[in-house]
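Working notes, structure below.
The values are calculated or read from the model by the stated rules, or taken from the named source; none is laboratory data. What you see is a predicted model, and the numbers here were worked out from it, not measured in a lab. Here the Cβ positions follow ideal geometry from the backbone for every residue, glycine too, while neighbour counts run over all protein chains shown. Accessible surface areas use protein heavy atoms only, side chains included; no ligands, DNA or RNA. Shrake-Rupley method; radii C 1.70, N 1.55, O 1.52, S 1.80 Å.
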Amino acid sequence: MPDTADRAPLFLFDNEYAQLPERFFARLPPTPVSEPRLIRLNEGLARDLGLDPQRLRMPEGVEVLAGNRVPEGAEPLAMAYAGYQFGNWVPQLGDGRAILLGEVVDGNGVRRDVQLKGSGPTPFSRSGDGRAALGPVLREYIISEAMWALGIPTTRSLAVVATGDEIRRETNLPGAVLTRIAQSHIRVGTFQFFAARRDEEALQLLANHVIARHYPEAAEAEHPILALLAGVMERQAELIARWQLVGFIHGVMNTDNMSVAGETIDYGPCAFMDNYHPETVYSSIDRWGRYAYGNQPAIAHWNLAGLANALLPLIATKPETAVAVAQELLGTFPQRFESFYRAGLERKLGLSERQEGDAALAEALLARMAENQADFTLTFRGLSEIVGPSAANDEIVRRLFEDPSAFDEWAVAWRNRLERGERSPAECRDDMRSLSPAFVPRNHRVEEAIDAAVARDDFEPFEQLLEVLASPFDDQPSQQRYAAPPRPEEVVRQTFCGT
Ligand code: AMP
Ligand code: MG
């Protein structure tokens, strides 16, 4: 039912995706829920989007965020896409539990999708119920907003509404709807959907849409499609490097979970690593470690090859030519990733200008961390506290290593190298602190917040955690419990996608 309120619309929608041909989506409204209750509204984000937080908190606003009322100007739809899930081709996925309400242009002139997730069944639901449980919704809210505060491109969370309905999983769970904001929800799998159907017209329309929306500079290039591919590769190279540099593990890097806009998307069984080890996996469904921390760059490369493959018909009319050109471009990905990653890692060590041996120095630290169960976040943050010629405070870091002498040996080489640097310790320290947070959403704290909310309807731990994570680079001495790694009995070994 349209919003007939006698005043300005709640959202100033300006929808472009909904103008694409009908085979890009299924048009349908969200399915109403019994008893909407606003759990959380992201007021800062609301204002960035030109929305009035006061009105969103009123019954009319909450009904919209619950999917019970379609706001004026919305053109609700579920997007079609396909994807490779754990390497297996799935020709039709699509929004099985999400509805795109429409697009708004934010204060910076950037077009942003407003999507409800957990909003009821769609033609793409397959056997699913189209709903989301409160726990995973809170999880996405916490981690996506933490990523944003860390400066990492990501979809955002505008609101959480409890539905008042129970949903059936292994047990009955309270349901919720998340309002997700994204530069777009177009995925590598969206291109694959049309490529698999040999629908070149749709591929071209989708490419044009993505270029206009996310890569306008590609329109001016000699070969816009190659420029588009190069642009997506560049953003992914930087994004994955940023993940690696904070110890973030996405957990389900299927091609339908990779945004062509370069944002982190689809927070499921994701996690921040406690102890550093490249083989770390938390996701309960990733039994073979395909999406382990250390595999993320290679998986991104593989997904981008999937995008290139989907774009082949638009790259050149002769298939051999298209493949050759695409392969040459794709071959540059590892190099692009490495340059972002190396530069970031060296800065985390306090090294600015590159010198011979820096990469080996960084690798030596990581190897020692892995052997000694050193906490990723605390080790790097600790280095920023002890940077300089004196080893007097080294205990801050060395105690994080099972065998502290493993750190001491490395620290000698590190200090020798720092001495040959051009910056003062104070300058190094500021730069290091800006890249190595004190606070990340540690799994045990995330679980604690979710448990309190789901089991006891207590949202205080959730709110507190959000507040700490909003300033991850500040010391916040009164919040040490959120910086500390888990005690042995608190360690979370597995995370779940909860779909
Ligand atoms: P995900 O693992 O969340 O990326 O989802 C993979 C696919 O399954 C997407 O097409 C989702 O829309 C769909 N899906 C996930 N959970 C549900 C659900 N509860 N009901 C319907 N479809 C779902
Ligand atoms: Mg997904």
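Things to note:
Residue-wise test of (1) among the polar types (S, T, N, Q); (2) free of Cβ contacts under 8 Å to residues at least 12 places away in the same chain; (3) part of a helix (DSSP H, G or I); (4) out of contact with any Leu (no Cβ under 7 Å at 6 or more places or on another chain).
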residue	(1), (2), (3), (4)
421	no, no, no, no
431	no, no, yes, yes
444	no, no, yes, yes
450	no, no, yes, no
474	no, no, no, yes
497	no, no, no, yes
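- When 70, 90, 64 are checked against the criterion of being surrounded by fewer than 22 Cβ atoms within 10 Å (Cβ to Cβ), modelled with pLDDT of 95 or more, over 21 Å from the mean Cα position of the chain (by Cα) and away from ligand 1 (no atom under 16 Å from the Cβ), a single residue qualifies: 70.
- Check on residue 317, free of Cβ contacts under 8 Å to residues at least 60 places away in the same chain, out of contact with any Ser or Thr (no Cβ under 9 Å at 6 or more places or on another chain), part of a loop (DSSP other than H, G, I, E, B) and more than 16 Å from ligand 1 (Cβ to nearest atom): yes
- Here the range 360-375 is the region considered, the condition is being within 18 Å of residue 436 (Cα to Cα) and either in the same structural domain as residue 245 (by TED's automatic domain parsing) or in contact with a helix residue (DSSP H, G or I) (Cβ under 7 Å, 6 or more places away or on another chain) (or both), and the residue that is most open to solvent (accessible area, probe 1.4 Å) is 361.
Table: residues versus (1) aliphatic (A, V, I, L, M); (2) more than 16 Å from ligand 2 (Cβ to nearest atom); (3) assigned to a strand (DSSP E or B); (4) surrounded by fewer than 22 Cβ atoms within 10 Å (Cβ to Cβ).
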| site | (1), (2), (3), (4) |
| --- | --- |
| 241 | yes, yes, no, no |
| 244 | no, yes, no, yes |
| 269 | no, no, no, no |
| 285 | yes, no, no, yes |
| 288 | no, yes, no, yes |
| 295 | no, yes, no, yes |
| 299 | yes, no, no, yes |
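- The test for being modelled with pLDDT of 95 or more and part of a helix (DSSP H, G or I) does not hold for residue 222.
- Residue match in the range 201-224 (condition: of a type outside the set (A, V, I, L, M, F, W, C) and within 16 Å of ligand 1 (Cβ to nearest atom)): no
- Complete set of residues in the range 462-499 that are closer than 27 Å to residue 119 by Cα and either within 16 Å of ligand 2 (Cβ to nearest atom) or open to solvent by less than 30 Å² (accessible area, probe 1.4 Å) (or both): 462, 465, 466, 495, 496, 497, 498, 499
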